1. Taking all pairs of distinct Cα atoms, average 1/r, flip it, and tell me the Kirkwood hydrodynamic radius of region A:1-81 in Å to one decimal place.
2. Which order do you get for A:Phe9, A:Phe25 if you rank them by accessible area with a 1.4 Å probe, largest at the top?
3. With unit charges on the beta carbons (Lys and Arg positive, Asp and Glu negative) and the dipole taken about the Cα centre of chain B, which residue among B:Ala78, B:Leu45, B:Leu35 sits farthest to the positive side?
4. To the nearest 20 Debye, how big is the dipole of chain A about its Cα centre, given +1 on the beta carbon of each Lys and Arg and -1 on that of each Asp and Glu?
5. Going toward the positive end of the dipole of region B:2-98, with +1 on Lys and Arg Cβ and -1 on Asp and Glu Cβ, which of B:Gly14, B:Gly26, B:Leu62 do you reach last?
6. Place +1 on the Cβ of every Lys and Arg and -1 on the Cβ of every Asp and Glu in chain A, take the dipole about the Cα centre, and give the residue among A:Met76, A:Ala156, A:Thr127 whose Cα lies farthest towards its positive end.
7. In deg cm²/dmol, rounded to 500, what helix-only [θ] at 222 nm does the protein assembly as shown give when every DSSP H run of at least 4 residues adds -39500 (n - 2.57) and the total is split over its residues?
8. How far is helix B:59-91 tilted, in degrees, relative to the longest principal axis of the Cα atoms in chain B, given as a value from 0 to 90 rounded to the nearest 10?
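The values are calculated or read from the model by the stated rules, or taken from the named source; none is laboratory data. Note that the coordinates shown come from a computational prediction; the quantities given were computed from them, not determined experimentally. Please note: Cβ atoms are built from the backbone with ideal geometry, for glycine as well, and neighbour counts cover all protein chains shown. In case anyone asks, the SASA skips ligands and DNA or RNA and just uses the protein heavy atoms, side chains included. Shrake-Rupley method; radii C 1.70, N 1.55, O 1.52, S 1.80 Å.
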Amino acid sequence: MTMSGQLAFWVLAAISVLGAATVVFGRDVTRMVLGLGAFLLSVAGWFLFFGQTFLAVAQVFVYVGGVLVLVLFAIMLVHRAEGKDPALTSRHDVDIAAVALSVFGIMVVSLRSVWPRMTEGPVPTSTTQVSEQLLGAYLPHLEAAGLLLLAAMVAAIVIMGGEGE
Amino acid sequence: MNFVILACALFALGLYGVMSRRDIIGVLASVEVMLGSGTVLLVGLSSSMTAASGVRPDPGALTAIGVLIIVVAAAEAAVGLAVLVSVARILHTTRVDGLTEVKG
């Protein structure tokens, strides 16, 4: 990896770890959303780092532009329903930390076998290749994803409007 | 190789958040962290790995799978947040401890 590649790696790593830590340990709801935004942007950065430009743009559009705004709206609606900002509380426990650490250990050990097969530079992808795959071999998957999104939208409307006010 | 450890650590951090957070919004945000780190791991591994046969995976197919993961995650977030707002409106709490009954 080149010097700039190393630098990009560590900057991205710092942003993602800080963002994720704010999401998990933060006490203030606004800060938690900002941390989530930083984490989601760093995921887009990782996609760029791996040469997946299309995925990076989709990540920014869908997550930072869509999901994050949705989270903010949800917090505002909860504020209206409860009369105050949702309280952020956690129950930090050794047992929970032990489970999370064990999962981390299992993942690293099980992924260790692929390390020797990893090459240095990721292959960049052009949008043409992506569209050829999405509208070719993966067309049924794309249709299913569209159907899933429609179902999720209808479900969200039904759940939100079910009780009425 | 470093990013594998990093993505695994982020996944474990998200898992810790899901189990330790006591309010729905925190649990949902932690699930997003788990999903994000999982996607980074998948995309990173498949874009920088050579299969045992020596053939590299088609990068276009890899991105197509990544797009599908993003779609599923977006649908999950939409339904999850709708449930959150609905629960806050009906039960006047967003704490997971308060959700003790399942009723239509």
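1. Over region A:1-81, the inverse of the mean reciprocal pair distance is 13.5 Å.
2. A:Phe25, A:Phe9
3. Final value for the positive-end residue is B:Ala78.
4. Here the size comes out at about 360 debye.
5. So the residue furthest toward the plus end is B:Gly26.
6. A:Thr127
7. Using -39500 (n - 2.57) per qualifying helix, the result is -24500 deg cm²/dmol.
8. The angle comes out near 10 degrees.
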